[in-house]
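The values are calculated or read from the model by the stated rules, or taken from the named source; none is laboratory data. None of these values were measured; they are calculated from a predicted model. Please note: Cβ atoms are built from the backbone with ideal geometry, for glycine as well, and neighbour counts cover all protein chains shown.
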Amino acid sequence: MALKFDLTHLMADAVGPQHGLTDEDLDTLVGKTKRIHADLQTRRAAGELGFYDLPSDSEGAAAIRAMATEVRDRCDTFVVLGIGGSALGVIAVQTALGHAFHNLLSPERRGAPRLFVPDNPDPELTSDLLEVIDPKATVFNVVSKSGSTAETMAHYLVIRDLLRRTVGEAKLRDHLVFTTDPEKGILRKIADEESIPTLPVPPSVGGRFCVLSAVGLFPAAVMGYDIDAMLEGAGAMERRCATTNLWDNPAYLHSGAHMLLQRERGKHIAVMMPYASALRDLADWFRQLWAESLGKRHDVEGNVVEVGQTPVKALGATDQHSQVQLYVEGPNDKVHTLMAVENWRHQCPIPPDHTDEESLAYLGGSDLGKLLSAEQVATEIALTNNQRPNCKLVFPQIDEAHIGEFFMMMEIATAHAGGLLRINAFDQPGVEEGKIATYALMDRAGFAEKRGTLKKILAEEARRSI
Ligand code: PA5
């Protein structure tokens with residue numbers, strides 16, 4: 001059973017003409033979608049959009065599996081050092097597929113190393129992490145496509161020093177794997193000089209589109225997940241989205257409806273709300289994909305457009321007690337994607353007790369899965385009754401194949417949305433600007449001029465802080 005996309009409650013007949021779409025609205029995208037599809041396929045054929053073809057890279061997958069088998073046998077802890085697209089997919093896969101308390105299980109019970117992904121270069125977080133790992137039994141996967149991201153490279157230097165002091169210079173390479181560009185960058189250079197094992201990030205795959213490359217698949221394989229099934233799911237979704245018939249294409253329908261709802265109905269916020277803790281970090285992964293790809297100042301012709309829909313992640317049922325009041329009655333400026341699960345991996349029956357108490361009796365004899373699913377339906381009804389457009393992604397179950405489908409669907413949706421907005425969904429000039437400012441403030445050579453300008457701005461601003 002494939003991932004299901006249900007757009008019933010995005011439509012005007014469900015949420016009213018002021019907030020929902022008609023078939024005719026969606027039909028206005030048919031011609032544009034054909035052109036965007038053709039353009040994306042041309043760029044794909046020219047080798048620019050490698051994410052489409054990751055599911056068929058069986059050679060790459062075999063190399064990942066081989067290295068993962070070897071690594072998992074010789075470590076009890078696996079640490080991924082990366083940030084943004086080089087971390088969020090890893091976290092999302094582990095949260096979706098792993099035991100919710102994986103790192104707390106005994107080694108026999110967990111059957112895979114403990115996994116840590118300290119993406120933030122926070123001195124307290126990293127110091128605490130170093131306290132709970134034994135470097136001699138740890139492999140560090142340094143993941144940076146560019147090899148120049150300050151956060152990741154700072155972590156790398158911290159870890160390299162730690163390893164030098166604990167396992168010794170001669171054994172450094174046994175504790176490091178670099179995932180980086182196959183030819184360029186400082187990590188590639190160091191790996192070549194020091195024979196550190198590496199896996200490639202294909203140059204044609206952008207950072208936030210690389211979860212199905214070695215970036216996401218290697219940690220997944222080390223943790224023992226079936227990466228072939230994940231790729232099969234992604235491949236099936238890619239084939240499903242090869243049609244230019246908008247009405248049969250879940251990715252184009254999702255993005256098309258979102259873009260129309262923003263432009264025509266003022267839905268500037270896209271809430272993704274899984275009703276499953278295991279899917280929580282898929283929403284976080286999507287948040288980066290949608291924000292960094294679509295939030296752009298210029299269109300492809302260089303006109304100032306300042307577009308992008310703000311993605312928000314929420315979790316059902318937790319956020320019913322935090323955010324849903326706002327979603328149901330606050331500004332009607334959001335489109336919601338609820339994520340539902342049909343078959344839970346575990347049951348957790350609720351034992352009947354206090355059967356004479358009305359407020360408890362209805363729960364006894366039921367199951368936590370049934371409760372959570374009911375809450376998802378209840379939110380759908382509440383949103384719809386209050387004219388809040390919402391759609392639903394249904395996971396028949398949470399497993400590798402459906403996670404793979406989700407990743408590919410959202411990547412294709414993002415590429416399509418970029419086409420509808422007429423912006424470049426594959427660059428991130430705003431992020432690069434931040435990276436350059438960081439280099440300047442951290443005194444990196446070659447950034448003196450920028451440093452001077454920033455220091456002046458900061459001095460000026462300091463006068464205003466009380
Ligand atoms: O999508 C992107 O390109 C970014 O979010 C990158 O993934 C992030 O900045 C990390 O870059 P790198 O892998 O080069 O360290």
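Within region 325-370, how many residues turn out to be out of contact with any helix residue (DSSP H, G or I) (no Cβ under 6 Å at 6 or more places or on another chain), β-branched (Val, Ile, Thr) and under 30 Å from residue 265 (Cα atoms)? The total comes to 2. Among the residues here, residue 55 qualifies as under 30 Å from residue 103 (Cα atoms) and at pLDDT 95 or above. Number of residues in region 418-466 that are assigned to a helix (DSSP H, G or I) and either in contact (Cβ under 8 Å) with a residue 60 or more places away in the chain or in the same structural domain as residue 288 (by TED's automatic domain parsing) (or both) equals 10. Taking region 312-350 as the range and being farther than 20 Å from residue 92 by Cβ and either β-branched (Val, Ile, Thr) or part of a helix (DSSP H, G or I) (or both) as the test, the residues that pass are 320, 321, 324, 325, 326, 327, 328, 329, 335, 350. The helices (runs of 4 or more DSSP H) located wholly in region 4-90 that include 2 or more residues which are among the small types (Gly, Ala, Ser) and not assigned by TED's automatic domain parsing to the domain that holds residue 389 occupy 58-72. Of all residues in region 1-37, those that are exposed (fewer than 13 other Cβ atoms within 10 Å of the Cβ) and within 18 Å of residue 408 (Cα to Cα) total 1.
Against the criterion of being buried (at least 18 other Cβ atoms within 10 Å of the Cβ), hydroxyl-bearing (Ser, Thr, Tyr) and within 21 Å of the chain's Cα centre (by Cα), residue 414 qualifies.
Of the listed requirements (1) touching a residue at least 24 places away in the same chain (Cβ under 8 Å); (2) within 21 Å of residue 438 (Cβ to Cβ); (3) of a type outside the set (Ser, Thr, Tyr); (4) out of contact with any Asp or Glu (no Cβ under 7 Å at 6 or more places or on another chain), residue 129 misses just one: (2).
Within region 286-315, residues that are free of Cβ contacts under 8 Å to residues at least 12 places away in the same chain have Cβ atoms under 9 Å from residues that are buried (at least 20 other Cβ atoms within 10 Å of the Cβ) and of a type outside the set (S, T, N, Q) in these pairs: 306/296, counting only partners at least 6 apart in sequence or on another chain. The test for being of a type in the set (A, V, I, L, M), part of a helix (DSSP H, G or I) and in contact with a helix residue (DSSP H, G or I) (Cβ under 8 Å, 6 or more places away or on another chain) holds for residue 415. In region 317-331, the residues that are over 13 Å from residue 378 (Cβ atoms) reach residues that are among the aliphatic types (A, V, I, L, M) with C-beta atoms within less than 6 angstrom, at least six apart or across chains, in these pairs: 323/314. Among the residues of region 181-237, those identified as aliphatic (A, V, I, L, M), touching a Pro at 6+ places or on another chain (Cβ under 7 Å) and within 15 Å of the ligand (Cβ to nearest atom) are 212, 214. If you check 125, 115, 129 for being part of a helix (DSSP H, G or I), surrounded by 15 or more Cβ atoms within 10 Å (Cβ to Cβ) and away from the ligand (no atom under 16 Å from the Cβ), only one passes: 129. Might you let me know whether region 413-420 holds any residue that is of a type in the set (Ser, Thr, Tyr) and modelled with pLDDT under 95? No: zero hits.
Does residue 68 qualify as being buried (at least 19 other Cβ atoms within 10 Å of the Cβ), within 22 Å of the chain's Cα centre (by Cα) and either free of Cβ contacts under 8 Å to residues at least 60 places away in the same chain or within 16 Å of the ligand (Cβ to nearest atom) (or both)? So residue 68 does not fit the description; no.
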